1. What shape does the protein assembly as shown take by its C-alpha gyration tensor, where a ≥ b ≥ c are the square roots of the eigenvalues and a/c under 1.5 counts as rounded, a/b above b/c as prolate, and the rest as oblate?
2. If amide H atoms are built 1.01 Å from N in the plane of the peptide, which residues on other chains or at least 5 residues away come under 5 Å of the amide H of residue B:318?
3. Straight-line reach from residue B:257: which aspartates and glutamates have a Cα under 14 Å away, not including same-chain ones fewer than 8 places off?
4. So between residue A:60 and residue A:206, what do we pick up on full extension, going 0.36 nm a residue minus the alpha carbon distance?
5. In debye, nearest 20, what is the charge dipole magnitude of segment A:170-263 about its Cα centre with +1 on Lys and Arg Cβ and -1 on Asp and Glu Cβ, if you could check?
6. Going from the alpha-carbon gyration tensor of segment A:1-93, what semi-axes, largest first and in whole Å, does one get by taking the root of 5 times each eigenvalue?
7. Taking a probe of 1.4 Å, how large is the accessible area per residue of chain A, in Å²?
8. Can you give me the angle between helix B:30-43 and the longest principal axis of chain B, using Cα atoms only, in degrees from 0 to 90, rounded to the nearest 10?
Protein chains: 2
Amino acid sequence: MAQIKDVAHQAGVSVASVSRVLAGHAGVSESIRQRVLAAAQALDYRPDLAARRLRSRRTDTIGLIVSDVRNPFFTEISRAVEDVAYQNHFRVILCNTDENPEKEAFYLDLMRDENVTGVILSPTLALLADFRSADYPFPVVLVDRCDRDTAADAVVLDNVDAAYRLTTHLIENGHPRNVLFYGAASATGCQRREGYMAAMAAHGLEPQVEAVTATVDHARSAAHKFFCRPPHPEALIASNGLILLGLLEALREVKIKVPEQIALTGFDDLPWTRLVEPGITVIAQPTYDIGQAAIELLLQRIAQPAQAVRRVVLRGELRERDSSKKRNARR
Amino acid sequence: MAQIKDVAHQAGVSVASVSRVLAGHAGVSESIRQRVLAAAQALDYRPDLAARRLRSRRTDTIGLIVSDVRNPFFTEISRAVEDVAYQNHFRVILCNTDENPEKEAFYLDLMRDENVTGVILSPTLALLADFRSADYPFPVVLVDRCDRDTAADAVVLDNVDAAYRLTTHLIENGHPRNVLFYGAASATGCQRREGYMAAMAAHGLEPQVEAVTATVDHARSAAHKFFCRPPHPEALIASNGLILLGLLEALREVKIKVPEQIALTGFDDLPWTRLVEPGITVIAQPTYDIGQAAIELLLQRIAQPAQAVRRVVLRGELRERDSSKKRNARR
DNA sequence: TTATATTTTGTAATCGATTACAAATATTAC
DNA sequence: GTAATATTTGTAATCGATTACAAAATATAA
């Protein structure tokens, strides 16, 4: 494996010149430039990244910490982050916390050890509580989850607004008695709950919420239990795609028909929501855009460490399908 | 940030002793051991990974190169790889090739630059052609794709067998005139084609195959065109989950009813395949297991660089659903 | 007790780049 | 043509660990 001194020797210059040429620094003559480039090419020289990182104290690596990359929302985020990262010559280290604050802390420590250039984080509720990016030795951009007063860069959906619109849609379509199943362990779930409450209040309706763990299995069993004690509501709202799937499975188990007996809606426009019969009305999140905005914000922050804290808020899109079809007021 | 000499000073020992204690090497007295541990704790010492990697020439990093992490098959693989990797104190660098040999080559070069300890790779057809792990400066384990004579560790599904069984299932359920839509750009697709051909031949039937690019959109438009020129076959087989989804969408567009007018089957037991009406008959792949087996094989290879090349072959499971319901022979 | 083998500990070289600083060279001003 | 300045180049220090080797301490054998 050729190293810098071999290139220097081959080109008949000093190692400093080689380094300068390869780093693209100014102030090096064209003749040396050419000789170095030729030599590097000839020897198939590749700089040793460990050595470079030790001396330069930069790793050009960014950490991506999410709850589970298998959640389609985060799958898409990951892809967006990697696309933009690699375009900018950064590596990505991917970590799954499973909403476990200990794993989260472990990975944040790991990020420090790796001396990453920055981190994109979807924090647990516990960590978000008094999160300040200033507490970390690297820039952090929050993604998907963020409180109103969090002192950190963030890219999020306007959850309150989206839940408000989804709930209003149900009410206006003749489903005033509806129930929200929300993931209580994430800030996102709580904000969607907030929007739901606001919409219900605005229409003078009694809200009803069920806190669940945001997994398909838990949502299904919780909903199953829920349906064992009538009366049944007129509509359901799921605060994310996993819960939505769990609800649908539970409805099938107890043979409650959508939309005849109950309307079903939720967040995340996953492929299956438009394939099932009836199609499910959802709030579509611009997931790739969210990931892209997050990494771009992080790169900006890296370039401008002192710039003011920024928040990017994206709007969800209501996709009306048959699962929330209009219905005449009952009774 | 405390460094090793600070710990050494605090503990009143040499840096060598600190390094030895922290690396867990034998031949260090219990008294020094304790003092070092206490000092490291007190100073919250974390070794600098760049320095360690430069000197030790080990990175404890593994590369995962797949076509697209958004393909649910690879999503699950990624998660399995990361789980096992982190349990063994390895980092994971994730790369998406989009089936593009140039991106693939770029990332393999990157892996060399990063001096990774090993790589898990789902190769493009082009790369697989004469792939030999001996050509790379790091151990490589292939995943999902591998030819019969490839000289490399690999973890794959028994594709020929699975396609054979799926095809036979269709034939035995009264669907002799069936068509395979397969991803021609991957070894997996080609092997599934092979199993399909074998099953058709075994029953003296005329095979019919359509090569497509393995994306939802392309499969949909290819199928759409296909259905514009009758006669229509009795059944369809998709060589993976993306193509399967594309076929279903096309069938809906041209309003061909499943299973009344046509049977639909394929690979990959994705959530939606059992949610749609009718449920889709599929070959379920043990995806998490495949990923887990791959990383475990890689770790073995790292520990035993000279061991014989191994291949792990897993069996797919046929999940019969209503989309391939039994039908009396026509005519 | 002394000589030898063994274990423990410390000193200093090393990994392979980047970069501060000094030296050499070229340019400009007078 | 000389002095002052700007530019280019090279030498050597540096990043922070690991580890080869030497030295010191301890254990074992005679």
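1. On the way: a/c = 2.07, a/b = 1.32, b/c = 1.57.
Note, shape of the protein assembly as shown comes out oblate.
2. Amide H neighbours of residue B:318, under 5 Å, 5+ apart: B:284.
3. A:277, B:234, B:249, B:277, B:322
4. Working: separation 146, 0.36 × 146 = 52.56 nm, distance 5.20 nm.
In short, 47.4 nm is gained.
5. Details: 9 positive and 9 negative charges, 39 e Å.
In total the dipole reaches around 180 debye.
6. Values: eigenvalues 267, 32, 27 Å².
Semi-axis lengths for segment A:1-93 are 37, 13, 12 Å.
7. 44
8. The two axes meet at around 70 degrees.
The values are calculated or read from the model by the stated rules, or taken from the named source; none is laboratory data. Everything quoted here is computed from the prediction, not taken from an experiment. FYI the Cβ positions are ideal-geometry reconstructions off the backbone, even for glycines, and counts take in every protein chain you see. To get the accessible areas, we keep the full protein, side chains included, count just its heavy atoms, and leave off ligands, DNA and RNA. Shrake-Rupley method; radii C 1.70, N 1.55, O 1.52, S 1.80 Å.
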